[in-house]
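Reading through the structure tokens given below for one structure.
The values are calculated or read from the model by the stated rules, or taken from the named source; none is laboratory data. Every value quoted in this text rests on a predicted model; they were computed, and no experiment measured them. A quick note on method: Cβ atoms are made from the backbone with ideal geometry, for glycine too, and the neighbour counts reach across all protein chains shown. We work out accessible area using only protein heavy atoms, side chains counted, and drop any ligands, DNA or RNA first. Shrake-Rupley method; radii C 1.70, N 1.55, O 1.52, S 1.80 Å.
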Amino acid sequence: MTFDFETMLDRAGRDALSIDSLGTGKGYAPGAPLPGIDPIPMWIADMNYPTAPCVVRSIVARAEHPAFGYFDAPRAYYDAIKFWYKKRHGVTGIEDEHIGYHNGVLGGVASALYAFTEPGEPILVHSPTYIGFKNTLRTCKRVPEYSPLVRDGDGVWRMDYEDMAQRIERNNIRVAIFCSPHNPTGRTWERWELEKAADVYAEHGVTVIADEIWADFTLRGTEFIPFHTVSDDARARTITMSSVSKTFNLAGLQGSYSLVFDEGLREKFLEQAESSCYNEQNVLSMHALIGAYTDEGSEWVDQMRQTVQGNLDLLCDFVDRTEGLEAYRPEATYVVFIDCTEWCQAHGKSLDELEHELWDAGVAIQDGRMFNGPCHLRANVALPQAKVEEALQRMARVF
Ligand SMILES: Cc1ncc(COP(=O)(O)O)c(C=O)c1O
């Protein structure tokens, strides 16, 4: 079966922040293009592809049964998550009781922060970091303690285990947010890296919130290894958050899930998650997951990743041949974190000036400072290839 990743959807006015919020000044939206230029959405992390047909079929089939009363998740829901973990990540041993529902991955992160820490408490996070973690920490009145990721001799982003340990000790840190694969650097952590991180967390008794929302986006033959699988200890101290929404472009449907294997950890976490009384699954979002986590959904993901990888290469090739720009070629996600420091210095321009020129040209790219990149841009390439090529032509004119 072949899926369509080459038709550009017209999302304007169709519930799409990526287009409709441009130029509104709301949130983190880039500026609108100059009159007469169409915007190419390359910022917020959703995809400009139609979701998999199996997802739509599943939602429509449920919608055709015109009763939407109270419900419990059926067996098919739990089986779908177990099927997906086995098929895509080789994980077995997930039982129904390990699975919890959350209104969004960040909702789950917030519940874990409330359950296991106090207001004002420092939380270990790597930097660069995902803006959503910063916002959630601020909302929850917790404080990020950033452990910098560092480029090694080959330019690969790595964790600094000594730095992590020192920060944990110095600040009596009890909880870490661990993003795997990592947004915005695009790292797929290797097994030895996960094991070393797990050792640091274990040695200091740190509870790990493993945000694995990008698990299905590994590229270049890299393998996603769920953090909880690296050791028995990691299995017991980890709250894994994941979701069907990033993989299948369903953020507007809401919904995510947790995997927690330790009973004590799970009880305290889920008790907190439920205490809001708002944490209830939506029936259509649940059927989206049941439709997505299937063989057909898996085929769709493989084809989507091929398109994404081609687009990432196009953008990274452009970065490589543009003097003053630098980026790590991602092994996962669909975003590229572009360091513009040298380019801005050489051209006497600030990042603000540069990004405004790009926005004027309809390249709706994201300011990287919100991810702790001092002079960076983050570009989302989950677009038809022709649109990425068009964006690169416009970028070439600006750069
Ligand atoms: C690492 C990470 N976690 C969480 C989210 C958001 O998840 P949700 O919309 O389910 O809260 C994103 C979205 O980009 C993300 O990149």
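Largest accessible area first, the listed residues Glu195, Glu342 line up as Glu342, Glu195 when surface is computed with a 1.4 Å probe on the assembled protein chains. If you wrap the Cα atoms of the range 243-399 in a convex hull and average its projected area over all directions, you get 12.1 nm².
Heavy-atom accessible surface of the chain, averaged per residue, reaches 42 Å², computed with a 1.4 Å probe.
Step by step: find N for the range 1-60, compute 2.2 N^0.38 Å, then divide the Cα radius of gyration by it. What's the final number?
Details: Rg = 13.8 Å, N = 60, 2.2 N^0.38 = 10.4 Å.
That works out to 1.32 for the range 1-60.
Between Phe227, Phe133, Phe116, the residue with the greatest mean-square fluctuation in the GNM of the chain (Cα pairs under 10 Å linked by springs) is Phe116. For the range 114-255, the relative contact order comes to 19 percent (Cα pairs under 8 Å, sequence separation of at least 6).
Taking a Cβ cut-off of under 13 Å around Glu193, the surrounding Lys, Arg, Asp and Glu residues balance to a net charge of -3, with basic ones at +1 and acidic ones at -1.
Values of log10 I(q)/I(0) for the range 55-293 across q = 0.10, 0.11 Å⁻¹ run -0.46, -0.55, by the Debye formula with one identical scatterer at each alpha carbon and no solvent.
Per the 1.4 Å probe, what fraction of the accessible area of the chain, in percent, lies on carbon and sulfur atoms?
After summing per-atom areas, the C and S share lands at 50 percent.
Note on the range 293-368 and the range 147-215: Cα centroid distance 24 Å, given to the nearest whole angstrom.
Binning the alpha carbon pair distances of the chain at 10 angstrom intervals from zero yields the distribution 5, 23, 32, 27, 12, 2, 0, expressed in whole percent. Here the relative contact order of the range 55-293, from alpha carbon pairs under 8 Å that lie six or more residues apart, stands at 28 percent.
Work out, in µm²/s and without decimals, the Stokes-Einstein translational diffusion coefficient of the range 217-303 at 10 °C, 1.306 mPa s, Rh from Kirkwood over C-alpha pairs.
Numbers: Rh = 15.0 Å.
Reported coefficient: 106 µm²/s.
How many percent of Cα pairs in the range 1-132 exceed 20 Å? In whole percent, the share of Cα-Cα pairs in the range 1-132 beyond 20 Å is 70. In the range 55-293, taking the dipole from charged Cβ atoms about the Cα centre, the farthest positive-side position among Trp214, Ser127, Ser58 is held by Ser58. Each Lys and Arg contributes +1 and each Asp and Glu -1, all at the Cβ; summed about the Cα centre of the chain, the dipole is approximately 480 debye. Annotation for the range 159-190: trypsin sites (Lys or Arg not before Pro) lying in DSSP loop with at most 11 further Cβ atoms inside 10 Å of their Cβ do not exist.
Counting DSSP beta bridges in the range 55-293, what percent are antiparallel, to the nearest 5? Write out the running numbers ahead of the final one.
On the way: 9 of 25 bridges.
Percent antiparallel among DSSP bridges in the range 55-293 is about 35.
Cα-based radius of gyration for the range 300-364, normalised by 2.2 N^0.38 Å, reads 1.27. Binning the C-alpha pair distances of the range 154-231 at 10 Å intervals from 0 yields a P(r) profile of 18, 53, 26, 3 %, listed from the shortest bin outward. DSSP bridge analysis restricted to the chain gives an antiparallel fraction near 50%, rounded to the nearest 5.
In the range 123-165, inverting the average of 1/r over every pair of distinct C-alpha atoms gives 11.2 Å as the Kirkwood radius.
Based on the alpha-carbon gyration tensor of the range 71-182, what equivalent-ellipsoid semi-axes (square roots of 5 times the eigenvalues) come out, in whole Å, largest first? Don't skip to the answer; put the middle values down first.
Numbers: eigenvalues 178, 83, 30 Å².
Taking √(5λ) for each eigenvalue gives 30, 20, 12 Å, largest first.
Per residue, the average separation of C-alpha pairs within less than 8 Å and at least 6 apart gives the chain a relative contact order of 25 percent.
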